[in-house]
Amino acid sequence: MTLRKWFFLFWSTMAVGAISCIIAGIIMMLSDQEFGFMGMEATGFNASMMAISGLMIGAFSQMGFFAYLTLNYIALSVFRKKYLWNALQGYTTAFCVFGLGYVLYEDRTNNWFFWALPLILIAASLIAAWYKVKQTNKSAFVPTVFLMYVVTFIEAWPALQGETNIAAIIFMVTPLFLCNAYQNMMMHRLLKKTEADSAVGAAKSAS
């Protein structure tokens, strides 16, 4: 991973966060007249503020993504065998599915959101993992599900604390998930391109 490619990933992830926040925010505003910073009468202002929030969420998502990559590197060094680390990730993901539901139920969101969000999030994570496997190999399935669910859950933790607001949770979880998915799908492409560039450079040096 070169500095130029990391810079591209950084700013493009922030752009994904900004766009997804604007779209999610507009949907929230249309479904809830009280959602937003100044109501529907200041839609342009709200969109600008949502874009700024999306930029911050994109940067926050990238911090979580690289924290996971660091954790993955350390865990593989500790466990030595990859299947042990994958098993732990799978167990943690299953635990977090029920954990998220419990957190939402404890805050008494309502009679459906506490189970709807975990199920939707795990379903979306499985779809992302399936697509990642198609792009790479089968060994990417469990890490991708862990990243898409557990890391998103941890990153969205501030929105789950205090006075529970369903609109605020959706507004934060949606761009976080999309930013994580974008980074996960882009990483192997950027690394593959780096390897190809290195091979070309080595061939030119040899000639």
Subject >> Residues in region 164-181 reached by a label modelled at Gln135 [backbone nitrogen below 18 Å; 7 Å Cα→Cβ] >> reply: 175-181
Original post:
Tell me, what is the FRET efficiency for Thr2 and Ile154 to the nearest 0.05, using R0 = 30 angstrom and their Cβ-Cβ distance as r?
Top reply: 0.60
Original post:
Sorted by mean Cβ packing within 10 Å, highest first, what order do the peptides 146-154, 93-101 take?
Top reply: 146-154, 93-101
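Bear in mind these aren't lab numbers, they're just calculated from the coordinates by the rules spelled out. The structure displayed is predicted, hence computed values, not measured ones. Positions of Cβ are backbone-derived with ideal geometry, glycine not excepted, and every protein chain shown enters the neighbour counts.
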